[in-house]
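The values are calculated or read from the model by the stated rules, or taken from the named source; none is laboratory data. Bear in mind the structure is a predicted one, so any value in this text is a computation, not a measurement. No Cβ is skipped: glycine too gets one built from the backbone with ideal geometry, and neighbour counts run over all protein chains shown. The accessibility values were calculated without ligands, DNA or RNA, using every heavy atom of the protein model including side chains. Shrake-Rupley method; radii C 1.70, N 1.55, O 1.52, S 1.80 Å.
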Amino acid sequence: ILSSAIADADLIVLSDYAKGALSDATLNSIFEIAGDKKIVVDPKSNKLARYNGATMITPNAKEALAATGAATSSEAGVQIISEHDFEAVLVTEGEHGMTLFCRNEAPEKHAAIALEAFDVTGAGDTVISTLSVCIAAGIPLSDAVEIANTAAGIAVSHVGTTIVTRQMLEAELS
């Protein structure tokens, strides 16, 4: 089943909730079967090497700091991109926005979208899903991050989890 699902995919999204579904063996199988397909991971483990094979990871600041022992999320992002084979690392920083780290490029800060935050539930899921759709559609990574940042701003402006629709994104981006 895993092989056929990956064969049909344009891009693979893995959200690790640390509940046991993404064991090291499962991750290794996914990375092996995927070949050169892009894989975006929202990690939960402090052992980021277990995600080697992913194209990009999207840890939040707390996760990045815990994984590296760095003093700031910016230092953590630089450390992660230099110590692993990810093409990009997007550190999400809540009300401080997010920072994109790409190999051999200066970090790119994206300020938080100025919407009133009511509930951050699902914000990380909104970021990785929006980001992944944009990447799969061929949108340049910097633009994809800005769209995902906008989607996160919309998501946290609602109580509880919410679906961010294309119409909501278009209204906010226009």
Item checked: Contacts under 6 angstrom Cβ, first residue in the stretch 5-17 being within 15 Å of Thr130 (Cβ to Cβ) and touching a residue at least 24 places away in the same chain (Cβ under 8 Å), partner surrounded by 14 or more Cβ atoms within 10 Å (Cβ to Cβ) and among the charged types (D, E, K, R), 6 or more apart -> Leu11/Lys38; Ser15/Asp42
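Test Ile6 against the stated conditions and say whether it is more than 23 Å from Glu95 (Cα to Cα), at pLDDT below 95 and surrounded by 13 or more Cβ atoms within 10 Å (Cβ to Cβ). It would help to see each step written out before you state the result.
On the way: more than 23 Å from Glu95 (Cα to Cα): yes; at pLDDT below 95: yes; surrounded by 13 or more Cβ atoms within 10 Å (Cβ to Cβ): yes.
The answer is yes for Ile6.
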Next item on the list: Keeping to the stretch 21-48, report how many residues are open to solvent by 60 Å² or more (accessible area, probe 1.4 Å), over 25 Å from Ile139 (Cβ atoms) and either in contact (Cβ under 8 Å) with a residue 60 or more places away in the chain or not acidic (Asp, Glu) (or both).
Entry: 7
Notebook entry, point to check: Which of the residues belonging to the stretch 119-174 are at pLDDT below 85 and open to solvent by less than 50 Å² (accessible area, probe 1.4 Å)?
Noted result: Asp119, Gly122, Ala123, Gly124, Val156, Ser157, Gly160, Thr162
Checklist line | Members of the stretch 68-110 that are open to solvent by less than 70 Å² (accessible area, probe 1.4 Å), under 21 Å from Asp125 (Cα atoms) and in a loop (DSSP other than H, G, I, E, B) | finding: Phe86, Glu93, Gly97
Notebook entry, point to check: If you take the residues in the stretch 41-67 that are assigned to a loop (DSSP other than H, G, I, E, B) and under 12 Å from the mean Cα position of the chain (by Cα), which one is nearest to Asn149 (Cα to Cα)?
Noted result: Thr58
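Kindly provide the set of residues from the stretch 49-61 that are touching a Phe, Trp or Tyr at 6+ places or on another chain (Cβ under 9 Å) and open to solvent by 50 Å² or more (accessible area, probe 1.4 Å), ordered by number. Lay out the reasoning, then the answer.
Taking the stretch 49-61 as the starting set, the residues that turn out to be touching a Phe, Trp or Tyr at 6+ places or on another chain (Cβ under 9 Å) are 51-57.
Asn52 - this is the single residue of the stretch 49-61 that is touching a Phe, Trp or Tyr at 6+ places or on another chain (Cβ under 9 Å) and open to solvent by 50 Å² or more (accessible area, probe 1.4 Å).
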